[in-house]
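Asks: Would you mind keeping the following structure in view while I ask a few things?
Derivation of every value follows stated rules applied to the coordinates shown; laboratory data play no part. All values reported here derive from a predicted model rather than from experimental measurement. FYI the Cβ positions are ideal-geometry reconstructions off the backbone, even for glycines, and counts take in every protein chain you see.
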Amino acid sequence: MNRVAIIGSGGAGKSTLARQLGVILQLPTIHLDREYWQPGWVMTEREARVRLEAQMIAAERWLIDGNYGSTMDVRLAAADTVLFLDLHPVRCLWRVIMRGLRWRGRTRSDMAPGCPERLPGWDFLTWIATYRRRQRPHIKQLLDQLPSTTGVHVLSSPRQIRRFIQRVRLETSLGKAALTAALNEVERFA
């Protein structure tokens, strides 16, 4: 895993997973929210975002978290691994509301300076509530179009995310060949 894209609804845990995997895999971690927002919650112009993202994905190694549908297809095509966090909307809504309360008035490390957390607005909450119905079909279509060499992982619960992290940590510490041999040995005696 040298080029990892993490996508999913707001509140799914993209930035948290990105921070954890970035450390484990020793990958430069890019939070698109941090790159695209300017102080005062001003969004960077689309053309500038497209240019910036082209520069980011040209690197040999990266881990990028964020959706931004206007450039998602290019990012996914450049990735060797895609993690789609497909958590239930109620869980995501709860997390976003709690994050707003916990961080209110302060800027999170995955956000741009000058963009303090605030309680989520109705539009954002609606986007999260309807994400599975409105966004997921398009994302599934994009994932289905990726080459078979791209590792696509759809993680739909915190438990699946934790297990994925544990597996990556184990593979990284043992090396993939050693892990495969160990798993084959366990299966042989089962």
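Asks: I'd like to check which helices (runs of 4 or more DSSP H) are fully inside region 7-62 and have at least 3 residues that are surrounded by fewer than 15 Cβ atoms within 10 Å (Cβ to Cβ) and of a type in the set (D, E, K, R).
Replies: In region 7-62, 46-57 are the helices (runs of 4 or more DSSP H) which contain 3 or more residues that are surrounded by fewer than 15 Cβ atoms within 10 Å (Cβ to Cβ) and of a type in the set (D, E, K, R).
Asks: Identify the residue in region 78-92 that is part of a helix (DSSP H, G or I) and not β-branched (Val, Ile, Thr) and, among all such residues, is nearest to residue 58 (Cα to Cα). Show your work before the answer.
Replies: Looking only at region 78-92, we keep the residues that are part of a helix (DSSP H, G or I), and these are 78, 89-92.
Retained after the next criterion (residues that are not β-branched (Val, Ile, Thr)): 78, 89, 91-92.
Numbers: 78: 8, 89: 33, 91: 34, 92: 31 Å.
Ranking the candidates gives 78 first.
Asks: In this structure, does residue 52 turn out to be closer than 26 Å to residue 158 by Cα and in contact (Cβ under 8 Å) with a residue 12 or more places away in the chain?
Replies: Taking the combined requirement at face value, the residue does not satisfy it.
Asks: Here's a check for you: in region 63-77, which residue that is touching a strand residue (DSSP E or B) at 6+ places or on another chain (Cβ under 6 Å) and outside any helix (DSSP H, G or I) is surrounded by the most Cβ atoms within 10 Å (Cβ to Cβ)?
Replies: The selected residue is 65.
Asks: Continuing with the same structure: For region 93-138, which positions are free of Cβ contacts under 8 Å to residues at least 24 places away in the same chain, farther than 14 Å from residue 11 by Cβ and assigned to a helix (DSSP H, G or I)?
Replies: Answer for region 93-138, where residues must be free of Cβ contacts under 8 Å to residues at least 24 places away in the same chain, farther than 14 Å from residue 11 by Cβ and assigned to a helix (DSSP H, G or I): 122, 123, 133, 134, 137.
Asks: Taking residue 2 and the conditions (1) more than 20 Å from residue 146 (Cβ to Cβ); (2) touching a residue at least 12 places away in the same chain (Cβ under 8 Å), which numbered condition does it fall short on, given that it satisfies the others?
Replies: Looking at each condition in turn, residue 2 falls short on (1).
Asks: Of everything in region 139-161 that's out of contact with any strand residue (DSSP E or B) (no Cβ under 6 Å at 6 or more places or on another chain) and assigned to a helix (DSSP H, G or I), which residue is surrounded by the most Cβ atoms within 10 Å (Cβ to Cβ)?
Replies: In this case the residue turns out to be 139.
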